[in-house]
Amino acid sequence: MTPRNGAGRRRDRRACRSAAVSAVLVAGFLLAVSGMNDASARSPGSSLARDGGSATRTIGTELDRGVSPSASRPETQRTATGPFPDEGDPSSPTVVATVPVGSDPFSVAYVTPTGRVYVTNIDSKDVSVISGTTDTVMATVLVGTGPEGAVYDAATDEVFVTNILSGNVSVITDTTEAVVATVPVGLGPEGAAYDAGTSQVFVANVDSNNVSVISGTTDTVVATVPVGTGPEGAAYDAAKGEVFVTNFYSDDVSVLSDATDSVVATIPVGTGPEGVTYDAARGEVFVTNYYSNDSSVISDSTNAVVATVPVGTFPRAATYDPATGQVLVTNSGSDNLSVIDDATHRVTETVPVGPSPVGAAFDAGKNELFVAELTSNSVIVISLPPPTSPSTNEAYYVAVGVGVGLAAAIAAMVIVRWRRNRNAEPFSLEELFADEPPPSPDEPTEDEPTPSGPR
């Protein structure tokens, strides 16, 4: 074998390294393309706004309940157009049932043990109980006047329903679907939140600007907490033992400590904050702002807004899906749902639904969303696509990377073998990637034979 001079060996090393670098660049390109394809599959409209048909429907104005200022909001006559979810595509949210309920359905509460769904009907003064198995109404419970909010107490297996016109809360047992107590509270009770840490229910009273704290054990008010102007929604933060209350007219959120039943922070948000939900995975609170058409994201560690997410028109309720890390917002003005990714704080999907979607509740067991449609007097059941497993995507990327890495190694070996077959002196892998020594002044620059002694 003819030994290679320094210049030749350097050229061999450069050729092999060039092959390896090229392979790495190709791998990066393939991974980037794969990532873009994966992102486009979840981008707005990619899986929901398909070519599967469109429609136009005219929707009437929301009814004026005639009591609290929050009830008469300027939702003018509007026209909503498709396209609507493609029911033949398993990757799209699909409406699997439409359930007729009472008049002016507003809020929805999901009962985990039985899978039942409680829907408050403002005008008919009752609550529809929907079976999660058959998606049909199995009971109708008469309550107070203007039932609006609803929340489930897991400790007592009861549903607390706020009656905005009669100024009280009806307590319904899930065992018999009957009212077992009526609790007087403040003026215009609307939203409510259940505090699992203290077994208390926090009720936002929109017209008396305070929150009534009800003991789930005795069904009596144990505290009244002054908050901002026009409190409407409430959500419980289990990690910190706090309740976040949206104040519609003061454009802020009051943070209540359940240990002291007092306000510990006030956070400015958008215009007309109404709905609110807690994201336990990230320690964040999502607030829907009715007039500014966006959602304020609050960090519970700093009690400050960390992001503002534009959504649809007149957003009402928000609910958190722990399986996908998504927050679903009902937009009563644009007749759709905004799906927010809690990791990026961006809307990833917009789901067209029926007229005036307001309250919503998530059934984690069946991966379904129950949405109350105010003007159609019905609740639609939406089957959500199964969450994409991060491990699946990661395994795919790893497989691509390993494949390209093997190709790079094979390419380098081929080049080495090719050089060796040309009577080139082989070199080790360490030598391949070692720093090149500077050439000596008298070193040949081409592949000239190096003298190896007398022949």
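What follows is calculated from the coordinates using simple rules that are stated; it is not laboratory data. It should be emphasised that the depicted structure is a prediction, and the values quoted were computed from it without experimental measurement. Cβ placement follows ideal geometry from the backbone for every residue including glycine, while neighbour counts extend to all protein chains displayed.
Here are the numbers for the structure shown:
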read-out	value
Estimated inter-spin distance, L187 and A154, nm [label 7 Å along Cα→Cβ]	3.7 nm
Distance (nanometres) between label positions extended 7 Å along Cα→Cβ at T98 and A239	4.0 nm
Fewest-first ranking of V245, V305, using other Cβ atoms within 10 Å as the exposure measure	V305, V245
Residues of region 262-283 with amide N under 20 Å of the 7 Å Cα→Cβ point at T218	262
Proxy reagent accessibility, fewest Cβ within 10 Å first, across E349, E190	E349, E190
Estimated translational D of region 56-387 in µm²/s (Stokes, Kirkwood radius over Cα pairs; 4 °C; 1.567 mPa s)	68 µm²/s
Electrostatic dipole magnitude of region 169-237 [Cβ: Lys, Arg +1; Asp, Glu -1; Cα centre; debye, to 20]	180 debye
Residue exposure sequence - T277, T324, T271 - by fewest surrounding Cβ within 10 Å	T271, T324, T277
Electrostatic dipole magnitude of region 56-387 [Cβ: Lys, Arg +1; Asp, Glu -1; Cα centre; debye, to 20]	320 debye
